[in-house]
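Reading through the structure tokens given below for one structure.
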Amino acid sequence: QVQLVESGGGLVQPGGSLRLSCVAPRSIFSIYTMGWYRQAPGKQRERVAQITSIGSTNTADSVQGRFTISRDNAKNTVYLQMNSLKPEETAVYYCNANFPGVTYWGQGTQVTVSS
């Protein structure tokens with residue numbers, strides 16, 4: 001059973017920042033594309049950002065300039081730095097590991113943006 005372990009969620013005021021972390025097994029982390037998705041209540045899950053095994057990134061237009069995905073290969077960890085958060089970005093954020101034909105998900109971490 002592959003486990004992706006997320007952390008870093010919580011309550012933050014509008015305009016605030018949070019950093020999410022996701023630790024993956026080394027066998028997964030070294031070759032899979034890692035990503036962050038989010039799902040708000042009553043909405044479909046959407047991709048926020050991805051980073052390949054060689055560090056190429058792709059970020060959703062809605063978070064461009066505010067969110068940054070990065071990875072630390074020594075720690076098998078992928079991060080999502082989120083700045084200038086908005087109330088509508090309240091959601092469960094999920095870590096994802098993707099390889100052609102295989103996908104793994106974390107359990108999700110709640111991010112609530114509210115004053």
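The values are calculated or read from the model by the stated rules, or taken from the named source; none is laboratory data. Bear in mind the structure is a predicted one, so any value in this text is a computation, not a measurement. Don't worry about glycine lacking a Cβ; one is built from the backbone with ideal geometry, like all the others, and counts go over all protein chains shown. SASA here: full protein model, heavy atoms, side chains in, ligands and nucleic acids out. Shrake-Rupley method; radii C 1.70, N 1.55, O 1.52, S 1.80 Å.
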Open item on the list: Go through segment 97-115 and report how many residues are assigned to a strand (DSSP E or B), over 11 Å from Arg38 (Cβ atoms) and open to solvent by less than 30 Å² (accessible area, probe 1.4 Å).
Closed with: 2
TODO: Could you list all residues from segment 80-96 that are open to solvent by 10 Å² or more (accessible area, probe 1.4 Å) and either of a type in the set (Gly, Ala, Ser) or touching a Cys at 6+ places or on another chain (Cβ under 8 Å) (or both)?
DONE: Ser84
Open item on the list: Every residue in segment 2-18 that is at pLDDT 95 or above, open to solvent by 40 Å² or more (accessible area, probe 1.4 Å) and of a type outside the set (A, V, I, L, M), please.
Closed with: Ser7, Gln13, Pro14, Gly15, Ser17
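If only one of Arg38, Arg71, Arg19 is in contact (Cβ under 8 Å) with a residue 24 or more places away in the chain, more than 23 Å from Phe99 (Cα to Cα) and among the basic types (Lys, Arg), which one is it?
That would be Arg19, the only listed residue that is in contact (Cβ under 8 Å) with a residue 24 or more places away in the chain, more than 23 Å from Phe99 (Cα to Cα) and among the basic types (Lys, Arg).
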TODO: Tell me, please, whether a residue that is out of contact with any helix residue (DSSP H, G or I) (no Cβ under 6 Å at 6 or more places or on another chain), open to solvent by less than 30 Å² (accessible area, probe 1.4 Å) and farther than 26 Å from Ser115 by Cβ can be found in segment 19-27.
DONE: yes
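Can you tell me which residues in segment 26-71 are part of a loop (DSSP other than H, G, I, E, B) and of a type in the set (Ser, Thr, Tyr)? Lay out the reasoning, then the answer.
Kept after step one, since they are part of a loop (DSSP other than H, G, I, E, B), are these residues of segment 26-71: 30-32, 40-45, 52-56, 60, 64-66.
Across segment 26-71, the qualifying residues are Ser30, Tyr32, Thr52, Ser53, Ser56.
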